[in-house]
Amino acid sequence: MKIKKIILSRGRHGSITSDTLFPNATLVVPKSEIKEYKKTTNNEIHGISDNIMGLGNVRNYCLYTFKEDCLVMIDDDIQKLWVMTRLHGYAITDPTAIEHIVDNTAEMAQQLNTSLITRQKWHSN
């Protein structure tokens, strides 16, 4: 299964944090801001029209543009993954561990034929 992780951002090139936790994710930013984001991140950047306004419209653009089996949309200000599988939760900040958790979650969603935090081609409504 092909999984695509994207970080949606606008006007926050100086304060984005998710790129360090998701170094393989693609940043989706307005074309007019690409130059500024390139100064602060090593992630791949996908530019969208500056005319696409509002988070809902950006998400819809991404759903129609990226053709992977699974699309994971990530906020741009994530600092840790909080896990609640024990009596007391704990934080994970290791990018490799987080990538494995997200990928495993997507695989389980596919096996259950459901959507969780992703859009999957296999989900039928």
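The values are calculated or read from the model by the stated rules, or taken from the named source; none is laboratory data. What you see is a predicted model, and the numbers here were worked out from it, not measured in a lab. Note: ideal-geometry Cβ built from the backbone for every residue, glycine included; neighbour counts use all protein chains shown.
Does T26 satisfy the criteria of being under 19 Å from D103 (Cα atoms) and either free of Cβ contacts under 8 Å to residues at least 12 places away in the same chain or surrounded by 11 or more Cβ atoms within 10 Å (Cβ to Cβ) (or both)?
yes
What are the residues in the range 80-103 that are among the aromatic types (F, W, Y) and either within 29 Å of G11 (Cβ to Cβ) or in contact with a Cys (Cβ under 9 Å, 6 or more places away or on another chain) (or both), if any?
Result: W82, single match.
Restricting to the range 40-55, give me the number of residues that are surrounded by 14 or more Cβ atoms within 10 Å (Cβ to Cβ), free of Cβ contacts under 8 Å to residues at least 24 places away in the same chain and part of a loop (DSSP other than H, G, I, E, B).
1
Among the residues of the range 56-79, how many are part of a helix (DSSP H, G or I) and under 20 Å from G14 (Cβ atoms)?
1
Can you tell me which of L112, L116, L81 is surrounded by 11 or more Cβ atoms within 10 Å (Cβ to Cβ), over 21 Å from T17 (Cβ atoms) and modelled with pLDDT of 85 or more?
Result: L112 is the single residue among L112, L116, L81 that is surrounded by 11 or more Cβ atoms within 10 Å (Cβ to Cβ), over 21 Å from T17 (Cβ atoms) and modelled with pLDDT of 85 or more.
Cβ-Cβ below 6 Å, separation at least six or inter-chain, first residue in the range 68-89 and touching a residue at least 40 places away in the same chain (Cβ under 8 Å), second assigned to a strand (DSSP E or B) and loosely packed, with under 12 Cβ neighbours inside 10 Å: which pairs?
Close Cβ pairs (under 6 Å, with a partner that is assigned to a strand (DSSP E or B) and loosely packed, with under 12 Cβ neighbours inside 10 Å) amount to K80/A91.
Are any residues in the range 3-35 among the charged types (D, E, K, R) and in contact with a strand residue (DSSP E or B) (Cβ under 7 Å, 6 or more places away or on another chain), and if so, which ones?
Listed by number, the residues that qualify are K4, K5, R10, D19, K31.
Yes or no: I7 surrounded by 15 or more Cβ atoms within 10 Å (Cβ to Cβ), touching a residue at least 40 places away in the same chain (Cβ under 8 Å), of a type in the set (A, V, I, L, M, F, W, C) and not in a loop (DSSP other than H, G, I, E, B)? Outline the logic, then answer.
Working: surrounded by 15 or more Cβ atoms within 10 Å (Cβ to Cβ): yes; touching a residue at least 40 places away in the same chain (Cβ under 8 Å): yes; of a type in the set (A, V, I, L, M, F, W, C): yes; not in a loop (DSSP other than H, G, I, E, B): yes.
Against the criterion (surrounded by 15 or more Cβ atoms within 10 Å (Cβ to Cβ), touching a residue at least 40 places away in the same chain (Cβ under 8 Å), of a type in the set (A, V, I, L, M, F, W, C) and not in a loop (DSSP other than H, G, I, E, B)), I7 qualifies.
With respect to I92, is the statement that it is modelled with pLDDT of 90 or more and under 16 Å from the mean Cα position of the chain (by Cα) true?
Criteria not met by I92.
Restricting attention to the range 10-23, which residues are of a type in the set (G, A, S) and either more than 27 Å from N104 (Cβ to Cβ) or surrounded by fewer than 19 Cβ atoms within 10 Å (Cβ to Cβ) (or both)?
G11, G14, S15
So, D94, is that one touching a residue at least 40 places away in the same chain (Cβ under 8 Å) and among the acidic types (D, E) or not?
Here the answer is no, as D94 does not meet what is asked.
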